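Undergrad: Dropping the structure in here first, questions after.
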Amino acid sequence: MGCVRVLSPGGSLGYGTNSDSLRRGLELGLDVIGADSGSTDMGAYYLGSGKAYHSRATMKRDMTLILKAGLSNRLPVLIGNAGGAGADVHLDWARAIIEEIARENGMSFRLALVRSQQDKGYLRERVRAGKVRPMPGVPELTVERLDACERVVAQMGFEPFIEALDQGAQVVLAGRACDSGIYAAYPVREGRDPGLALHMGKILECGAMSAVPPTGRDCLVAKVDSSSFEILAPNPEREVTPASVAAHMVYEVEHPYLQGEPTGVLDFSEVRFEAASDRSTRVSGTRFHVHDAPTLRFEGAEQVGFRSFVLGGIRDPFLIAQIDEYIAGCTQQTLDISGQDGVDINWIVYGRDGVMGAMEPERDRAAHELGVLAQVLGPTQEIAHDVAALIEARMIGFPYTGARTRTAHVAFPFSPLVNDTGPVYRFSVLHIAELEAASDLTRLFPIEYVRVGAAG
């Protein structure tokens, strides 16, 4: 059984695919191009609002490169997590870009659109049946929180991609998907071990992050055979080492050697990393424990209010010494004056504990300057703005203990001083659901087939 060659153009379409590396990758003799284009890393806003994460211009650039590379070389192109969050609105956004590229370049191909946005009824039934569990750190899902979500998506595995390929799709554009499944689909279809293919997909999904020097903005190639896979970087300025691949194995994982997938659990406890050449690494020993019942991860975003914020810098040593009194006083005075219900005020102090919060081990370390970010979450944008304006006025002249000045305690880098950011969303659904049947792995992801470009 020969090897299957898979290329990833980078960690995410829209980051800026390296065209020279893509060309070099094609010279290796590829079988498929897979591309991820989204994540939950950037928060719930994009799923809730329906906005795309990447800019349209850079997405079009990167899509043009991989579509030209794939179609001109008769390679299927598989794209997952369309538009960032993968809901219907994101899929349609990415579809419009693909169709525009096809018109401008005279392309013609069969496109499969795989939708991942879910009717809430299915997950509601799973909740009532006790078949839903939260991701770590997430509360149990209630029907009320589910119903409050603007949109809900499920994270498909490789099954819908394979179905689309079986139906003759040359380009597959999918909604929310497991990153590893995008790259595993073609090798699994060609008879490779699912566990090995999914493990390979985990390495490829971040592009050249597992190379040296690492970056998510460059290509990576995998060669998958019957018992192992080899990872290499087509860019001659990078190399893939056993250490760099092993280091990537503990990236974004909850367990050091177990990773959940829709149909089972990847087990890396006996994985071996060996140098295949001076610039590539071979990986073997992956095991895959199949679930008794398949599962899917569901994600849903709920709007929780509107945000306004004030950003300031402090270099007054007397104020820095009393920063907690200052924050508490500004907050209380604002609440007393505003009289608003349903308003939440949150402060972040950069230079002290702005990144780690209460977990910061050096919280008491002396600082000569601090950045303070006062955020207001309100039921309307107008209320959030008005309360933030009250905070700004308090920040200028709050009489903290030991003050040496009457006013001008803080420097504001922007005008206007109060900035409105619009609606705020949270992930109210971030849960794993046991499916009713294995057929739900494809049934929940309907596929539409479209002829793009001229017939023929």
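Undergrad: Would you mind finding the one in Ser72, Ser108, Ser55 that is polar (S, T, N, Q), in the same structural domain as Ala184 (by TED's automatic domain parsing) and closer than 28 Å to Phe427 by Cα?
TA: Sole residue among the options that is polar (S, T, N, Q), in the same structural domain as Ala184 (by TED's automatic domain parsing) and closer than 28 Å to Phe427 by Cα: Ser55.
Undergrad: Given the criterion in contact with a strand residue (DSSP E or B) (Cβ under 9 Å, 6 or more places away or on another chain), farther than 22 Å from Ile383 by Cβ and either surrounded by 15 or more Cβ atoms within 10 Å (Cβ to Cβ) or of a type in the set (Ser, Thr, Tyr) (or both), identify the matching residue among Val424, Val452, Val418.
TA: Numbers: Val424 fails: farther than 22 Å from Ile383 by Cβ; Val418 fails: farther than 22 Å from Ile383 by Cβ.
Residue meeting the stated conditions: Val452.
Undergrad: Considering only the range 21-40, state which residues are within 22 Å of Gly2 (Cα to Cα) and either among the charged types (D, E, K, R) or assigned to a strand (DSSP E or B) (or both). Please lay out each step first, then the result.
TA: Restricting attention to the range 21-40, the residues satisfying the condition of being within 22 Å of Gly2 (Cα to Cα) are 24-34.
Of everything in the range 21-40, those that are within 22 Å of Gly2 (Cα to Cα) and either among the charged types (D, E, K, R) or assigned to a strand (DSSP E or B) (or both) turn out to be Arg24, Glu27, Asp31, Val32, Ile33, Gly34.
Undergrad: Inspect the range 86-101 for any residue being without any contact (Cβ under 8 Å) to a residue 24 or more places away in the chain, surrounded by 14 or more Cβ atoms within 10 Å (Cβ to Cβ), closer than 26 Å to Ala52 by Cβ and in the same structural domain as Leu13 (by TED's automatic domain parsing) and give the result as yes or no.
TA: yes
Undergrad: When the range 427-449 is examined, which residues are found to be in a strand (DSSP E or B) and surrounded by 14 or more Cβ atoms within 10 Å (Cβ to Cβ)?
TA: Phe427, Ser428, Val429, Leu430, His431, Ile432, Ala433, Glu434, Ile447
Undergrad: While we're here: Pick from Asp36, Asp20, Asp62: which is among the acidic types (Asp, Glu) and touching a Leu at 6+ places or on another chain (Cβ under 6 Å)? Break it down into steps so the answer makes sense when it comes.
TA: Working: Asp36 fails: touching a Leu at 6+ places or on another chain (Cβ under 6 Å); Asp20 fails: touching a Leu at 6+ places or on another chain (Cβ under 6 Å).
Result: Asp62 is the single residue among Asp36, Asp20, Asp62 that is among the acidic types (Asp, Glu) and touching a Leu at 6+ places or on another chain (Cβ under 6 Å).
Undergrad: State the number of residues belonging to the range 268-323 that are over 30 Å from Pro213 (Cβ atoms), without any contact (Cβ under 8 Å) to a residue 40 or more places away in the chain and not in a loop (DSSP other than H, G, I, E, B).
TA: Taking the range 268-323 and keeping what is over 30 Å from Pro213 (Cβ atoms), we get 287-323.
Those still in the list that are without any contact (Cβ under 8 Å) to a residue 40 or more places away in the chain too: 289-292.
Next cut, not in a loop (DSSP other than H, G, I, E, B) only: 289-290.
So the count comes out to 2.
Undergrad: For the range 219-255, how many residues meet the condition of being surrounded by fewer than 18 Cβ atoms within 10 Å (Cβ to Cβ) and within 19 Å of Leu266 (Cβ to Cβ)?
TA: 12
Undergrad: Somewhere in the range 366-385, is a residue surrounded by 15 or more Cβ atoms within 10 Å (Cβ to Cβ), among the charged types (D, E, K, R) and without any contact (Cβ under 8 Å) to a residue 60 or more places away in the chain?
TA: Checked the range 366-385: no residue is surrounded by 15 or more Cβ atoms within 10 Å (Cβ to Cβ), among the charged types (D, E, K, R) and without any contact (Cβ under 8 Å) to a residue 60 or more places away in the chain.
Undergrad: Any idea which of (1) within 28 Å of the chain's Cα centre (by Cα); (2) among the aliphatic types (A, V, I, L, M); (3) not assigned by TED's automatic domain parsing to the domain that holds Ser227 is the one Ala328 doesn't satisfy?
TA: (1)
Undergrad: Oh, and also: Of all residues in the range 41-72, how many are polar (S, T, N, Q), assigned to a helix (DSSP H, G or I) and closer than 17 Å to Gly11 by Cα?
TA: The number of residues fulfilling the criteria is 2.
Undergrad: Which residue, of Leu196, Leu165, is under 27 Å from Ala35 (Cβ atoms) and surrounded by 23 or more Cβ atoms within 10 Å (Cβ to Cβ)?
TA: Working: Leu165 fails: surrounded by 23 or more Cβ atoms within 10 Å (Cβ to Cβ).
Among Leu196, Leu165, only Leu196 is under 27 Å from Ala35 (Cβ atoms) and surrounded by 23 or more Cβ atoms within 10 Å (Cβ to Cβ).
The values are calculated or read from the model by the stated rules, or taken from the named source; none is laboratory data. If you're wondering where the values come from, they're calculated on a predicted model, not measured in any experiment. Don't worry about glycine lacking a Cβ; one is built from the backbone with ideal geometry, like all the others, and counts go over all protein chains shown.
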